[in-house]
Amino acid sequence: MTIIKYKILNPITDHKKPYYDYKRKQFIFPVKAKYKYFLEAAQFDPVINDNNYFVLLGETKFDDNCRKCETDMYGKCKLRVIGELKDYILSQLEDIRGNLKVEYVESGEDYDVFSIV
């Protein structure tokens, strides 16, 4: 049941859904494949007049700007996000809820694209 009338001050984080681990400073979300590299990306959307944020994940280093990530034995991908994407994730968690939504968008030649909503 969702309470709409009140603002929830300290939402409980569901660790089965995408979340940010403040202690380890990692963004963690479930995936079906075992990824080794990631790339943070944004795309301007004129409809909302703001950026949409994406994470590109691959098993090989598909770009010079890729950084290493970890996929654990439970199928959770762990990323150390920095800069603009980290600020976006933290602002979404503070303003809305304890979890984010990560959606598969498409696949490129060597990577898969996920949007962060």
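Which whole-number percentage describes the relative contact order of segment 26-87, with Cα contacts under 8 Å and a sequence gap of 6 or more?
Details: 104 pairs, mean separation 27.2, N = 62.
44 percent.
Give, as ranges by residue number, the residues of segment 83-117 whose backbone N falls under 19 Å from the point 7 Å along Cα→Cβ of Asp21. Inside the label zone: 83, 86-87, 89-90, 93, 98-102.
If contacts are Cα pairs under 8 angstrom and at least 6 residues apart, what is the relative contact order of the chain in percent? Please list the in-between numbers first.
Working: 202 pairs, mean separation 33.8, N = 117.
The normalised contact order for the chain reaches 29 percent.
Counting heavy atoms of the protein chains only and a 1.4 Å probe, report the per residue accessible area for segment 1-106 as a whole number of Å². Please list the in-between numbers first.
Values: 7750 Å² over 106 residues.
In whole numbers, segment 1-106 has 73 Å² accessible per residue.
Summarised in one figure, the compactness ratio Rg/Rh of the chain, Cα atoms and Kirkwood Rh, is 0.98. Here, segment 1-69 has an Rg and a Dmax of 16.2, 48 Å when only alpha carbons are counted. What the Cβ-Cβ distance of Asp14 and Ile82 gives, at R0 = 30 Å and to the nearest 0.05, is a FRET efficiency of 0.75. Per-atom-type breakdown for the chain gives carbon and sulfur 50% of the accessible area (1.4 Å probe, protein chains only). Using all pairs of distinct alpha-carbon atoms, the Kirkwood hydrodynamic radius of segment 69-117 works out to 12.5 angstrom.
If the segment from Glu94 to Glu109 were pulled out straight at 0.36 nm per residue, it would be longer than the present Cα-Cα gap by 1.9 nm.
Can you give the local net charge around Lys23? Use residues other than it whose beta-carbon is closer than 14 angstrom to its beta-carbon, Lys and Arg +1, Asp and Glu -1.
Values: positive: Arg24, Lys25, Lys78, Arg80; negative: Asp21.
Summing Lys and Arg as +1 and Asp and Glu as -1 gives +3.
The values are calculated or read from the model by the stated rules, or taken from the named source; none is laboratory data. Small disclaimer: the values here were computed from a predicted structure and weren't measured. Backbone-built Cβ (ideal geometry, glycine too); neighbour counts: all protein chains shown. Ligands, DNA and RNA are excluded from the accessible area calculation, which covers all protein heavy atoms including side chains. Shrake-Rupley method; radii C 1.70, N 1.55, O 1.52, S 1.80 Å.
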